[in-house]
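The values are calculated or read from the model by the stated rules, or taken from the named source; none is laboratory data. Computed from a predicted model, the values in this text were never measured in an experiment. Here Cβ is always computed from backbone atoms with ideal geometry, including for glycine, and neighbour counts include all displayed protein chains. In case anyone asks, the SASA skips ligands and DNA or RNA and just uses the protein heavy atoms, side chains included. Shrake-Rupley method; radii C 1.70, N 1.55, O 1.52, S 1.80 Å.
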Amino acid sequence: MFSKEIGSMSLELRSIDQTNFYEICQLKVVKSQLNHVDSNAISLAEANFMSFPWFKGIYSDNKPIGFVLVNADTASGKFELWRFMLDKSQQSKGYGRIAIDLLKSALVNEFGISALYTSVVVGPDSPQGFYENCGFVSTGHLVEGREIELCLSL
């Protein structure tokens with residue numbers, strides 16, 4: 001478990017199992033983000049069909065606030081951030097950047113990776129600016145012909 005103290009609050013990544021699955025699935029993004037990220041229930045279902053799923057709940061002070069899903073392809077060595085979300089009530093509090101830092105630490109510690117990739121659809125309410133503020137840069141490649149690939153060097 002990776003955690004970080006923020007003033008009097010703590011943020012941590014936790015495993016998802018039958019005890020917290022439902023509460024993670026209840027988290028929702030703001031309406032304007034619905035076209036950019038699938039629900040956590042869909043994401044957890046998708047993980048069952050991925051060859052290398054790695055997912056965690058994001059918690060603040062013992063309360064679920066978000067979710068992260070990575071395609072941790074240990075065979076090819078390419079690690080891709082597939083889903084990252086914070087509940088609509090927890091956005092704009094600085095948690096996103098801290099959660100990305102926790103994610104980086106967890107993946108480096110567990111797998112020794114040197115880069116993390118993601119992709120975004122460009123347009124209104126795109127998360128591209130958020131990821132760039134976290135240190136991701138464009139690779140110049142398109143994913144599925146419509147999403148810009150971004151890479152974070154670790």
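Looking at the square roots a ≥ b ≥ c of the eigenvalues of the Cα gyration tensor of the range 85-153, which shape do they give, rounded for a/c under 1.5, prolate if a/b is larger than b/c, or oblate?
Note, shape of the range 85-153 comes out oblate.
Based on the alpha carbons, how large is the Rg to Rh ratio for the chain when Rh follows Kirkwood?
A ratio of 0.93.
Is the C-alpha gyration tensor of the range 36-103 telling us rounded, prolate or oblate? Criteria: a/c under 1.5 is rounded; beyond that, a/b larger than b/c is prolate, otherwise oblate.
Here the range 36-103 falls in the prolate category.
Compute, for the chain, the length of the dipole vector about the Cα centre, with Cβ point charges of +1 (Lys, Arg) and -1 (Asp, Glu) only. Units Debye, rounded to 20.
With only Lys, Arg, Asp and Glu charged at Cβ, the dipole is about 300 debye.
Starting from the Cα of Asn109, step 7 Å along the direction of its Cβ; do the same at Leu154; then give the gap between the two resulting points in nm.
Taking the two extended label points, one gets 1.2 nm.
How far apart, in nanometres, would the label points at Asp101 and Ala45 be if each is projected 7 angstrom from Cα along the Cα-to-Cβ direction?
Once both label points are built, they end up 3.6 nm from each other.
Helix-only mean residue ellipticity at 222 nm, the chain, DSSP H runs n ≥ 4 weighted -39,500 (n - 2.57), per residue, nearest 500. What is it?
After summing the helix terms and dividing by residue count, I get -6500 deg cm²/dmol.
Just the number, please: carbon plus sulfur as a percent of the accessible area of the range 75-126, 1.4 Å probe, no ligands or DNA/RNA counted.
Heavy-atom surface of the range 75-126 belonging to carbon and sulfur, 1.4 Å probe: 47 percent.
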